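All remarks here apply to the structure that follows.
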Amino acid sequence: MKGWFLELFLQRVPLNKSPFILGRNKSADLTLATGGVSREHAEFLWDEKRECWVLKDLHSTNGTFVNSERLQEFCFLKHADMIYFGNVEVRLCHDSEAVEQNIVDRESLATETINIQPHKNHSIKDKIERAFIHNFQKGLMTTQDLADTLAIDRSTLFRHIKQEYEQSPSDLLRDKRLDYAAQQLLENKSISDAAYSAGFESLSHFSRKFKERFTVSPTDYIKQHKS
């Protein structure tokens, strides 16, 4: 089973024991401190005969999904499978170059204390951007939603945002919501649909903030890009 790991948005966690339990409990092998994950959500088991991981859902509330299909009992996994535990996205990966010194002990796997180890091919900023897109497509619009998706606590999220964007989390979230709404307008969504899909409850507030960001009203923005 050497060389297998779980890649979250901001973390790479060695999958180095069987069984390996994931959930909200502090005693889990991987603790995800988010309300969308059950206390004992799912279990990874190593199948010696097939030389692959088996994933079992432990009767979780929000379910476990593998490549967009809800897991009923168990399934055999392969490299690059995408898994969702509630709202948390995880990719199963195998790295033949993985070395023993990268293995983290159980205590350091708690969400509050885990060392951030971004994948060598993706910066932290890249992963935050991916998380924004993922969340907006699912209608998740708050900083807490973003922290849950990244499987980190809010203070860690705020620290990364300050470092990567030099903005406050609330200002960045507002700008990203406006960018998302602008994209919706370019896809021929109505102004009201674009505003509500981006999490704005007031059209007047949306129009005011939109003009502050793009210097034109939503109506003029549409006209400019259509011309």
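Odds and ends about this structure:
- Among the residues making up the range 41-61, a single one is under 19 Å from the mean Cα position of the chain (by Cα) and surrounded by fewer than 17 Cβ atoms within 10 Å (Cβ to Cβ): Thr61.
- Of all the numbered requirements in (1) touching a Lys or Arg at 6+ places or on another chain (Cβ under 9 Å); (2) open to solvent by 20 Å² or more (accessible area, probe 1.4 Å), Val37 misses one, and that requirement is (2).
- Where a residue in the range 55-78 is at pLDDT 95 or above and its partner, wherever it lies, is assigned to a loop (DSSP other than H, G, I, E, B) and open to solvent by 100 Å² or more (accessible area, probe 1.4 Å), with Cβ under 8 Å and at least six apart: Lys56/Glu73; Asp57/Gln72; Asp57/Glu73; Phe76/Arg50
- Among helices (runs of 4 or more DSSP H) entirely within the range 174-227, having at least 1 residues that are small (Gly, Ala, Ser) and at pLDDT 95 or above singles out 191-197, 203-214.
- The set of residues in the range 59-69 being more than 13 Å from Gly86 (Cβ to Cβ) and either outside any strand (DSSP E or B) or not charged (D, E, K, R) (or both) consists of His59, Val66, Asn67, Ser68.
The values are calculated or read from the model by the stated rules, or taken from the named source; none is laboratory data. This one's a predicted model, so the numbers in the text were calculated from it and none came from an experiment. In this analysis, Cβ positions are derived from the backbone assuming ideal geometry, glycine residues included, and neighbour counts consider all displayed protein chains. To get the accessible areas, we keep the full protein, side chains included, count just its heavy atoms, and leave off ligands, DNA and RNA. Shrake-Rupley method; radii C 1.70, N 1.55, O 1.52, S 1.80 Å.
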